[in-house]
Structures are given as C-alpha cells and as structure tokens.
Amino acid sequence: MIALFSVLSTHFLTYDTFSTIANQIPDLVVISVGMTFVLIIASIDLSVGSVLTLGASVVSVVALKWHWPAFPSALIGVAAALTGAMTGLVTVAWRNSVVHRVARGAGGGARRGVSDDQLAHRV
C-alpha cells in the first residue's frame with residue numbers, strides 16, 4: 001500500500017504522513033489489547049470506543065480549555081479512562097442484562113457531557 005499511495009500521490013511519502021501514522025499507533029494498540037481480553041472471556045463490549053473518546057475529551061478540555069499542564073491533564077485522562085474498568089466489571093458481572101446495556105452507553109454520554117458535544121479540535 002505504501003508503494004501504491006506513493007505512486008498515486010506526491011504528498012504521501014513524506015515525514016509528516018509517517019509521523020501522523022506513528023502517532024495513531026499507540027491508541028490502536030491499547031484498544032486492540034483491551035478488545036483481545038474482552039474476546040478471550042467470550043464477551044463483547046461496545047463501550048471501548050466510548051471510553052477512548054471520554055478519556056480524549058477530558059484531556060482535551062483540561063489541557064486546551066482550562067490550560068492545565070501536561071502531567072495533571074494526563075492524570076485526569078487516566079482517571080477518566082478508569083471508567084473502562086467499571087464498564088468492564090459491569091459487563092462481566094451482569095452479562096446480558098439491561099444494566100450492561102446502560103453501562104455501555106454511559107461512556108458515550110459522559111464524553112458528550114464533558115466536551116459539550118464538540119469535537120476535540122473545536123474545544
């Protein structure tokens with residue numbers, strides 16, 4: 001694919017492109033490892049994306065809107081991401097119940113509440 005896109009576009013084979021791709025890899029690795037654990041326990045948890053967006057939204061608001069330094073912002077993001085542990089526990093404890101479905105949607109609702117339903121680049 002790299003060869004194909006390099007031939008089709010003169011802008012693809014640049015440092016900026018590879019830097020952008022490299023910056024997106026850690027998020028995908030964390031999500032992939034988490035989803036692997038979910039699949040190992042023979043379950044499915046759709047709140048993984050909601051938890052990721054909650055953590056990213058909280059960090060964005062704290063760092064960009066409230067002008068907190070990087071380390072405290074990251075700690076707040078980790079605390080927000082711990083909601084994933086709570087939804088995971090609910091998923092395992094109350095599998096196939098209404099509470100499970102409510103917990104899955106709570107992460108997305110919390111993200112929308114934190115960010116005033118704005119995208120991170122608009123905060």
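The values are calculated or read from the model by the stated rules, or taken from the named source; none is laboratory data. From a predicted model like this one, the values you see are computed outputs, not experimental measurements. A quick note on method: Cβ atoms are made from the backbone with ideal geometry, for glycine too, and the neighbour counts reach across all protein chains shown.
Matching residues to (1) surrounded by 12 or more Cβ atoms within 10 Å (Cβ to Cβ); (2) of a type in the set (Asp, Glu); (3) in a helix (DSSP H, G or I); (4) more than 17 Å from the chain's Cα centre (by Cα):
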residue	(1), (2), (3), (4)
HIS11	no, no, no, yes
THR17	yes, no, yes, yes
ASN23	no, no, yes, no
ILE31	yes, no, yes, no
THR36	no, no, yes, no
SER50	yes, no, yes, no
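Which of the residues belonging to the range 77-93 are part of a helix (DSSP H, G or I) and either at positive phi or not small (Gly, Ala, Ser) (or both)?
Answer for the range 77-93, where residues must be part of a helix (DSSP H, G or I) and either at positive phi or not small (Gly, Ala, Ser) (or both): VAL78, THR83, MET86, THR87, LEU89, VAL90, THR91, VAL92.
Only one of these is buried (at least 18 other Cβ atoms within 10 Å of the Cβ), in contact with a helix residue (DSSP H, G or I) (Cβ under 7 Å, 6 or more places away or on another chain) and closer than 19 Å to ASP27 by Cβ: GLY77, GLY88. Name it.
Of the residues listed, the single one that is buried (at least 18 other Cβ atoms within 10 Å of the Cβ), in contact with a helix residue (DSSP H, G or I) (Cβ under 7 Å, 6 or more places away or on another chain) and closer than 19 Å to ASP27 by Cβ is GLY77.
Could you say which residue among THR10, THR36, THR17, THR53 is within 22 Å of LEU89 (Cα to Cα) and not assigned by TED's automatic domain parsing to the domain that holds MET86?
On inspection, the qualifying residue turns out to be THR36.
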